[in-house]
């Protein structure tokens, strides 16, 4: 157990629907990062939050949004889902806003859009 | 923008032998961090080793070591005495000193033959 908790582990939904992925960071970590990994691809950075505020944005679609709550858990909202959104979505956390210690990853949420 | 390139989509090694995975990156920054992550079939992302760019000494973690060539922007991973449990996807990653997102290469799939 890495200490980063992601729920649900698996999600199957239809095109056009909206889903919410949840992430609880490791205890003491203030930064949360979201990544998307499509089949047999590398990880694409989506967005980062630090202590409730958005800090960095990557290749995140307008149909996607995220937030970090006062208890530091984060949610990634995906709407108007398309087949191409099927992927493994990772959440990672780190202590500082800009930490050189690497990230701790959750086990991911596998999203399948049918 | 920083890019990370892993030119070997697949590699294989005999059990107990040594294998080297290649990684190059493109950056104009002088301070940054480099990482190798392992992703076994469970899909969990596991930090293998990290290197600070300002350190000339190559990082080592048990059977894992890196060859960091800053001028050449090269960061290879050497796995000694390969074990069956080393079979996984390996991702090289870059993070600048002041930036927040970590950039990943496309990955190298390592097969270990008994």
Label zone at residue B:2 (point 7 Å along Cα-to-Cβ), backbone N below 17 Å, region B:90-110: B:91-107
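Under the rule a/c < 1.5 gives rounded, and otherwise a/b versus b/c splits prolate from oblate, where does region B:27-106 land using the Cα gyration tensor? Present the calculation step by step, with values, prior to reporting the outcome.
Values: a/c = 2.43, a/b = 1.44, b/c = 1.68.
It comes out oblate by the Cα gyration axes.
Fewest Cβ neighbours within 10 Å first, please rank A:47, B:49 accordingly. If you can, show how the numbers build up before the last one.
On the way: A:47 24, B:49 21.
Result, fewest neighbours first: B:49, A:47.
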Neighbour-count order for A:110, B:95, fewest beta carbons within 10 angstrom listed first: A:110, B:95
Cubic angstrom per residue, convex hull over Cα atoms of chain A: 95 Å³
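Restricting to bridges with both residues inside chain A, how much of the DSSP beta-bridge set is antiparallel, in percent to the nearest 5? Mind dumping the intermediate values first?
Values: 36 of 40 bridges.
Expressed as a percentage, antiparallel bridges in chain A total about 90.
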Selected from A:33, A:103, A:89 as most flexible by GNM, with chain A as the system and alpha-carbon contacts under 10 Å: A:103
Selected from B:56, B:83, B:39 as most flexible by GNM, with chain B as the system and alpha-carbon contacts under 10 Å: B:56
Within region B:18-43, backbone nitrogen closer than 13 Å to the virtual label 7 Å beyond the Cα of residue B:70 toward Cβ: B:29-34
Centre separation in Å (Cα based) which lies between region A:15-62 and region B:43-114: 23 Å
Cα-based Rg / Dmax (Å) for the protein assembly as shown: 17.5, 52
Where the Cα pairs of region A:2-69 fall when distances are cut into 10 Å bins, in %: 17, 50, 31, 3
Per-pair calculated FRET efficiency, R0 = 45 Å: residue A:62 and residue B:15 via Cβ, rounded to 0.05: 0.40
Listed residues A:61, A:81, A:43, most fluctuating in chain A (Gaussian network, C-alpha, under 10 Å): A:61
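We did not get these values from a lab; they are worked out from the coordinates using the rules stated. Just so it is clear, the model here is predicted, and its values are computed rather than measured. Cβ atoms come from the backbone with ideal geometry, glycine included; neighbour counts cover every protein chain shown.
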